[in-house]
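Please read the structure below before turning to the comments.
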């Protein structure tokens, strides 16, 4: 049984929690912005930067909850560092070559890979993919995420934040964002830092459109807390 009241301790835990709550919300949610308020040449991505971050929000979680999420996220990242070191040779020799990753800068191919069309998966990985529910694309299974080199992680994270801003919320995309955040290297690359900030801003925008009983409130608050507190973007904190 999946306990939604406890923070996820692995990437797979997070995926399972999202699946449990999936039937309680729509597949896609987007917010309509009045572009005239920002100037006719302002893109949706730029518009999010202009949203004030100090606006009070009744959806903001208690500070103790935020601190607990960050502590658990930090522990998860520490465990993944150990796993990456332990699996590095095996992934390189026995696993990594089985994945046909898109070119690092090919955004459309990555979108298809992650969200639209499942890649070739071995039997073992296929069983794990089934355990975290249906993805039209390839789910962010632990071994796959750990096999991505840092430049691909950084670029893919930037792509996915852009998709989140332009296309709206979807469970599969949030699963990928969480998994990639768990393996982002510190100190942060400047572009990665900018993407994290855009992610937190968009989570706040969408959170402010939701009713108090919407299960996505917890999810958006989690991402805001991790960006603001774990990745030290304090001006974006609740």
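The values are calculated or read from the model by the stated rules, or taken from the named source; none is laboratory data. Every value quoted in this text rests on a predicted model; they were computed, and no experiment measured them. For neighbour counting, all protein chains shown are included, and Cβ atoms are generated from backbone atoms with ideal geometry for every residue, glycine included.
Residues that are closer than 13 Å to residue 161 by Cβ, crowded, with 18+ Cβ neighbours inside 10 Å, touching a helix residue (DSSP H, G or I) at 6+ places or on another chain (Cβ under 7 Å) and without any contact (Cβ under 8 Å) to a residue 40 or more places away in the chain: does the stretch 218-231 have at least one?
So far as the stretch 218-231 goes, yes, one or more of its residues are closer than 13 Å to residue 161 by Cβ, crowded, with 18+ Cβ neighbours inside 10 Å, touching a helix residue (DSSP H, G or I) at 6+ places or on another chain (Cβ under 7 Å) and without any contact (Cβ under 8 Å) to a residue 40 or more places away in the chain.
Take the residues of the stretch 179-198 that are closer than 19 Å to residue 80 by Cβ and in a helix (DSSP H, G or I): which is farthest from the chain's Cα centre (by Cα)?
Restricting to residues being closer than 19 Å to residue 80 by Cβ and in a helix (DSSP H, G or I), the top hit is 192.
Report yes if residue 129 is at pLDDT below 90 and out of contact with any helix residue (DSSP H, G or I) (no Cβ under 6 Å at 6 or more places or on another chain), otherwise no.
Yes.
Within the stretch 77-106, which residues are in contact with a helix residue (DSSP H, G or I) (Cβ under 9 Å, 6 or more places away or on another chain), modelled with pLDDT of 80 or more and within 24 Å of residue 186 (Cα to Cα)?
77, 80, 83, 84, 101, 103, 104, 105
Does at least one position in the stretch 166-178 carry a residue that is part of a loop (DSSP other than H, G, I, E, B), touching a strand residue (DSSP E or B) at 6+ places or on another chain (Cβ under 9 Å) and surrounded by fewer than 23 Cβ atoms within 10 Å (Cβ to Cβ)?
Yes, some residue in the stretch 166-178 is part of a loop (DSSP other than H, G, I, E, B), touching a strand residue (DSSP E or B) at 6+ places or on another chain (Cβ under 9 Å) and surrounded by fewer than 23 Cβ atoms within 10 Å (Cβ to Cβ).
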